[in-house]
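Remarks on the structure that follows.
What follows is calculated from the coordinates using simple rules that are stated; it is not laboratory data. Here the structure is a predicted model, which is why all the values come from computation and not from measurement. As a convention, Cβ positions derive from the backbone with ideal geometry for all residues, glycine included, and neighbour counts pool all protein chains shown.
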Amino acid sequence: MKEYLAVLKKTPMFAGVEEAGITAMLDCLHARLRRYPKGAYVFRQGDRMEEIPILVQGCLHIQRDDYWGSRSILGRLGPGEMFGEAYAAPDSEPLRNDVAAVEDSVVLFFDVHRILGGCAAACPYHTQVVQNLFFALCGKNRTLVQKLGYLSQRTTRDKLISYLSGEARRQNSADFTIPFNRQQLADYLSVDRSAMSSELCKLRDEGLLTFRKNHFTLL
């Protein structure tokens, strides 16, 4: 696990904790490591969680398939991101989404009971980790509200404009790359791929933007 200390040090959960402290916390929080090949599921709908996972290598999608197989991508996860924590509380309901590896990935799991229950060894960083976890949850709520803003737009065009404007602000540049291919972006915005591609071409022809694959420039 030590090979992932540099990634963990940059995560919100371990903000302000030195590498020596993180090493100690790995034992304190009963951390375990699992590897997932591309296409494997980390979690499936209906699973129950008693651990908080952090992706330390690879890429995951939080997604949901309806009864007829139509897929919606609810989020994309990169190294250092925590996920599923809303379902890790005692007596929480089962997961409502799948979490799938879109490339070979490595996940570290931390025992939520050890995080919330305190530490018999009085680890000096334990309180810091609990505080960090609270702030990370607040950040997740802000991200969810942002996505709801995209999905609340009435048309495919409006959803695209809202999402691309948001990415330009987030990356502080009118020239940026998004983390989705065309199908993934359509799934993320809950729109039809062909209709979305048509709207992108219209926006380009109107002189509002240019694009090549997943790289965009807003004009």
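Overview of values
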quantity	calculated
The range 126-212: GluC sites (Glu not before Pro) in DSSP loop, at most 13 other beta carbons within 10 Å	E206
Neighbour-limited loop hits for chymotrypsin sites (Phe, Trp or Tyr not before Pro), the range 32-101 (at most 16 other Cβ within 10 Å; DSSP other than H, G, I, E, B)	Y67, W68
Radius ratio Rg over Rh of the range 153-218, counting only Cα atoms, Kirkwood formula for Rh	0.91
Value of relative contact order over the chain, rounded to a whole percent, pairs C-alpha under 8 Å and six or more apart	21 percent
Rounded to 10°, Cα long-axis angle of helix 126-151 versus longest principal axis of the chain	20 degrees
Principal axis box of the chain, alpha-carbon based, largest edge first, Å	64, 39, 29
Residues T217, T11 arranged by fewest to most Cβ contacts within 10 Å	T217, T11
Trypsin sites (Lys or Arg not before Pro) within the range 12-69: DSSP coil, no more than 12 neighbouring Cβ in 10 Å	K38, R44, R48
Restraint check, K9/K213; K147/K213; K38/K202; K2/K147; K10/K213; K10/K140, Cα-Cα greater than 28 Å	K9/K213; K38/K202; K2/K147; K10/K213
